[in-house]
Amino acid sequence: MRVRVACILSILAGAYSTAAAAQQTVRYEPADKDLKYVYATVPPVATLKPGDTLETRTADCFGGVIRKPGDTLALVKGDNPLTGPFAIAGAEPGDTLVVRILNLTVDSDRGVGTLAPGFGALNTTNYTPMLNANLPEKIWFYDIDRAANEATFHASDSAFTVKIQLLPFLGCIGVAPAGGEARSSVVPAEFGGNMDAPEVRPGYTLYLPVNAPGALLYIGDGHAAQGDGEIAGTAIEVPMRVRLQVDLIKHKKIAWPRLENDTSIMAIGAYRPLDDALRIAFIELVGWIHADYGLSELDAYELLSKVAKIHLVEMVDPNYVVVAGIDKKYLPRR
């Protein structure tokens, strides 16, 4: 493990900062032994101040062990190894952690996609048991051309190939859960986690509830591209170089993750069945519009019924994930 801190001689200008202070860039290079497989309250690998920038890397969801034809999922130590956690100085339960995604770079010339027995939207699972057999384990390798910003899909049962545009994002990003719980790196929930939301990419800001002192931010599970729902259970799985900035909104409590970009606000719901995930997302969005934009809850509900957008980002993990959003042009000025 190697942690380096390089001072950037600038003054924090973020709107949500709690105090003006010299920004820093914290650089952290994890070794394999430093990776985690749960979101939990454990000692941090580094501490950032509000306004600091983090530069680090993440392993792919297989821990980098699926490298060539003939490799199998039996080599995988655990799913979605996580980099971190990173403490944010001054973060306390009841605050909101602000994470601005600045840059994500695919850190490999090859990505991986798989079918795994007992996993996937069209497979027999523990939640949907069937008498018929599971689909077999199967692995695809994707050639990645970073200069062209493309990956190549190679069909396994024919000579067909097709190019897929890269849209890198972090499949896993979350904080320590409330109540001292430890949750698997496979789970999406109210603390964030394995949300597989393509909106967690440059140009977006993610808001997470702080449940433990320091917040304890974890990241991982880099995706080069993913279809809505991630229906077979994987995206184009890749290691990633990550650059993000953290900040705090003090004494602002949220219940579930939120997203924002220049044009829209979005709320995330993660649960089973799918309709409950959707309800969570819309309840959070109604509350956000009411609290920050001044509309009554019923007016917000009516407005969303006419102009809201829904993104089903993932329907294969222990919880399904829905992103519900509204374009800011429909909202009062803040």
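Table: residues versus (1) out of contact with any strand residue (DSSP E or B) (no Cβ under 7 Å at 6 or more places or on another chain); (2) surrounded by 17 or more Cβ atoms within 10 Å (Cβ to Cβ); (3) part of a loop (DSSP other than H, G, I, E, B).
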{"residue": "41", "(1), (2), (3)": "yes, yes, yes"}
{"residue": "51", "(1), (2), (3)": "no, yes, yes"}
{"residue": "55", "(1), (2), (3)": "no, yes, no"}
{"residue": "60", "(1), (2), (3)": "no, yes, yes"}
{"residue": "63", "(1), (2), (3)": "yes, yes, yes"}
{"residue": "66", "(1), (2), (3)": "no, yes, yes"}
{"residue": "74", "(1), (2), (3)": "yes, no, no"}
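Taking the stretch 208-266, which residues are among the hydroxyl-bearing types (Ser, Thr, Tyr) and either surrounded by fewer than 19 Cβ atoms within 10 Å (Cβ to Cβ) or out of contact with any Leu (no Cβ under 9 Å at 6 or more places or on another chain) (or both)? Scanning the stretch 208-266 gives 263, 264.
Being within 29 Å of residue 40 (Cβ to Cβ), part of a loop (DSSP other than H, G, I, E, B) and open to solvent by 20 Å² or more (accessible area, probe 1.4 Å) holds for only one residue in 156, 108, and it is 108.
Taking each residue of the stretch 210-227 that is in contact (Cβ under 8 Å) with a residue 12 or more places away in the chain and assigned to a strand (DSSP E or B) and looking for partners that are buried (at least 24 other Cβ atoms within 10 Å of the Cβ) and of a type in the set (Phe, Trp, Tyr) with beta-carbon atoms closer than 7 Å, six or more apart or interchain, yields 217/86; 218/39; 223/169. For the stretch 15-39, the candidate set comprises residues that are among the hydrophobic types (A, V, I, L, M, F, W, C) and modelled with pLDDT of 95 or more; within that set, the residue that is most open to solvent (accessible area, probe 1.4 Å) is 38. Of the residues in the stretch 245-263, at least one is of a type outside the set (S, T, N, Q) and in contact with a helix residue (DSSP H, G or I) (Cβ under 6 Å, 6 or more places away or on another chain).
The values are calculated or read from the model by the stated rules, or taken from the named source; none is laboratory data. Remember, predicted model here, so these are calculated numbers, not experimental data. When we count neighbours, we look across all protein chains shown, and the Cβ atoms used for this are built from the backbone with ideal geometry, even at glycine. With ligands, DNA and RNA removed, areas are computed over all heavy atoms of the protein, side chains included. Shrake-Rupley method; radii C 1.70, N 1.55, O 1.52, S 1.80 Å.
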